[in-house]
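The structure appears below as structure tokens.
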Amino acid sequence: MLLATRPIVLLLARGSRITPIRRQELNIGNSDLLGTFSLHVSPRRRTTHDIHYNAGVESERPSIPPAGHRKDPDRVCYGASMKTFSTAGPVRPDEHYNIPALSRWDMDEIRRLIREKRYFVLHAPRQTGKTTCLLALMERLNAEADYRALYVNLEPAQAARGNVEAGMRTIVSGIAEDARRYLGDQRPWEGVEDVLRKFGPHGALRGLLSRWSEENDHPIVLLLDEVDSLVGDTLISLLRQVRAGYPDRPQAFPQTVLLCGVRDVRDYRIHDGDNQVITSGSAFNIKSESLRLGNFSHGNVAALYAQHTEATGQVFEDGVIDYVFEQTNGQPWLINALGYQACFRTKDNRIRSHPIALGVMQDAREQIIERRDTHIDQLGDKLKEQRVHRVIGRMLADTAGEDGTIPEDDLQYVEDLGLIRARPQLTIANPIYREVIPRTLTWTTQVLIPQETAWYVREDKGLDLPKLLDAFQQFFRENGDAWAGRFGYKEAGPQLMMQAFLQRIVNSGGRIDREYGLGRRRTDLLVQWPLDADQGFHGPVQRAVIELKILHKSLEATIEEGRAQTADYMDRGGAAAGYLVVFDRTPDTPWEKKVFVKQEQYGKYRIGVWGM
């Protein structure tokens, strides 16, 4: 028998014969067992794997102070009461640092809409806190006892796609189960089979909600999440059944239905059984408002990170909060992911006496980009959609005024996804996405480019960028047309190819910051390369600007404009060297006229110019 004096995490191997371990044999209570992990060991292998305890502090186990007591900042602390940053699923206030969910929207407005029996939409990009807000709203309304509020996630019905019978069975069963779980109400379950049999799939939802509303003493507020995950006829049927029951509210139908998703209901592009597009305006014309859940403010970021300092004693140095807000533009998942990476995933920073410095947060940014967590991966997936391509491709290539306007529906769709901001001017939503997009689009090309970093490192450990640009000029001359055509975003082929080539070299220790966007007529790259491998970015750093331009006027005018822009970016980036690359895409122009290298002076700056 094991006497537990500290919380226990039980590791169980799976795949070999194990005698079941009962809690009584360990002599531990519910509060002592923090969790279990399953470790798969192949029965064909006889190798024994030892799991060593490692708290990140030599010869010292983590301290588990009583709940509510600040942890010793010189120790790595784990325990049942420790909070962390949320990077997956809804925020749980008892487990995660958090901004109170209902403070993120106008509760007076929400109450007015419910009081006036309105049906409305809440939309926002993925992982911005929509589900957390809906769950908090359900809890608040039920605590106040004026309404009976129920949250339901419709995503399980996505698998049914256009199969309305399967989709509606999943939806009405989900409503019944959530009523039992959240409200302790068994009545919807008792009617599921009856309404499916009596009304069929195209009437079952309306029938269930009608009966349940009539049976309740309080008006029902129904919060439907992930509505835009439904597909085809299943989505049409749901919207039309809700619309059909609308006149019967509140006595025989929910007083308010809130539809929640990434997109506004106006943008649900529904295909019926004949593959004809039905806009949601005709399928759901009872919507009175569309509310959008916004990003965190600078104050929200400061408040969220202050909770970590309060809980652990670990401080964030000056400039870190500003940097996080600037890099994320307040996107909630990114803010939490940066905090989690810097404070929990980085071993040294789990020692709470170590402050979180700006360099630590910059490293955290690079790590979440390189690791491509689900949030980043989903962003990459969206880049494959034609509607996204039509917007992002134009921004990468900067073809403003050359091919007409961007379709308004496409622009609104990409903004709803959270990839861009349309105001005050069209730009990528935040600097992290601005970095992720070209990296995602160039990754497969980058790994195939036959170049090695060592070829361009000087004796003083700096990058020989003129040599690198000479090599790219020759590579582009030999392979430009064929390789640029490999990109899905062919309109931005030259810019993406240069970035792939440069990223291939810089990947082994440097960084590239990028600026691009419609109307800029250039892509700005700030190359940062540590000169001391041991100190990394905490030591001396080589900084250089490479500006990419497409020839759009005369060569002289393009270079003149590019010199001023390169010098301006060198000022802003604190760069000691600047280079301008001009791509001539004029058809039938011989390479002998395109290719050149020369030096230009602009004020105090000497700027190298490469033509290709």
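The values are calculated or read from the model by the stated rules, or taken from the named source; none is laboratory data. None of the values given here were measured: they were computed from a predicted structure. Glycine also receives a Cβ, built like all others from the backbone with ideal geometry; neighbour counts cover every protein chain displayed. In case anyone asks, the SASA skips ligands and DNA or RNA and just uses the protein heavy atoms, side chains included. Shrake-Rupley method; radii C 1.70, N 1.55, O 1.52, S 1.80 Å.
Treating r as the C-beta distance of A303 and A557 and R0 as 60 Å, the FRET efficiency rounds to 0.75. If the chain linking E109 and E408 were pulled fully straight, counting 0.36 nm for each residue of separation and taking away their Cα-Cα distance, it would gain 104.8 nm. Calculated accessible area for segment 455-589 comes out at 41 Å² per residue, all protein chains present (probe 1.4 Å; ligands, DNA, RNA ignored). Carbon and sulfur atoms: what percent of the 1.4 Å accessible area of segment 479-612 do they account for? Percent of accessible area from carbon and sulfur atoms in segment 479-612: 47. For segment 436-526, averaging the sequence separation of C-alpha pairs within contact (under 8 Å, six or more residues apart) and dividing by the residue count gives a relative contact order of 33 percent. Take the Kirkwood radius over Cα pairs of segment 75-175, plug it into Stokes-Einstein at 37 °C and 0.692 mPa s, and you get 202 µm²/s for translational diffusion. Could you state, as a whole-number percent, how many of the C-alpha pairs of segment 301-433 are farther apart than 27 Å? For segment 301-433, the fraction of Cα-Cα distances above 27 Å is 31 percent.
Here the label points at A482 and E289, each 7 Å from Cα along the C-beta direction, are separated by 6.0 nm in the simple model. In a reduced charge model with +1 at each Lys and Arg Cβ and -1 at each Asp and Glu Cβ, segment 456-507 shows a dipole moment near 140 debye about its Cα centre. Taking the 1.4 Å solvent-accessible surface of segment 214-273 as the whole, the part contributed by carbon and sulfur is 41%.
Principal axis extents of the C-alpha atoms in segment 401-445 (largest first, rounded to whole Å): 31, 23, 16. Computed from label points 7 Å out along Cα-Cβ, the spacing between D470 and E116 is 7.1 nm. In loop segments of segment 363-459 as defined by DSSP, the trypsin sites (Lys or Arg not before Pro) with at most 14 further C-beta atoms inside 10 Å of their C-beta are K384, R458. Computed packing ranks the peptides 288-294, 425-431 as 425-431, 288-294, most packed first, by mean other Cβ atoms within 10 Å. Carbon-plus-sulfur fraction of the accessible area of segment 364-465, 1.4 Å probe, in percent? Ligands and nucleic acids excluded, carbon and sulfur reach 47 percent. Here's the picture: a label point sits 7 Å out from the Cα of D194 along the beta-carbon direction, and within segment 208-234 the residues with their amide nitrogen under 18 Å of it are 208-217. Our note on the geometry: Cα centres of segment 138-173 and segment 308-387, 33 Å apart. Using the average count of surrounding beta-carbon atoms within 10 Å as a protection proxy, the listed peptides 450-457, 236-243, 356-363 rank, highest first, as 236-243, 356-363, 450-457.
Using every pair of distinct Cα positions in segment 459-562, the Kirkwood expression returns a hydrodynamic radius of 15.1 angstrom. Extension gain for R266-E177 works out to 29.1 nm (0.36 nm per residue, less the C-alpha to C-alpha distance). Taking every DSSP beta bridge that has both ends in segment 469-612, the antiparallel portion is near 60%.
Placing unit charges on the Cβ atoms of the charged side chains and taking the dipole of segment 120-198 about its Cα centre, the candidate lying farthest along the positive direction among V192, C133, G162 is G162.
Each 5 Å bin from 0 upward holds the following percent of the Cα-Cα pairs of segment 508-601: 3, 12, 21, 20, 16, 12, 8, 5, 2, 1. Estimated translational diffusion coefficient (Stokes-Einstein, Kirkwood radius over Cα pairs, 20 °C, 1.002 mPa s) of segment 171-228: 184 µm² per second.
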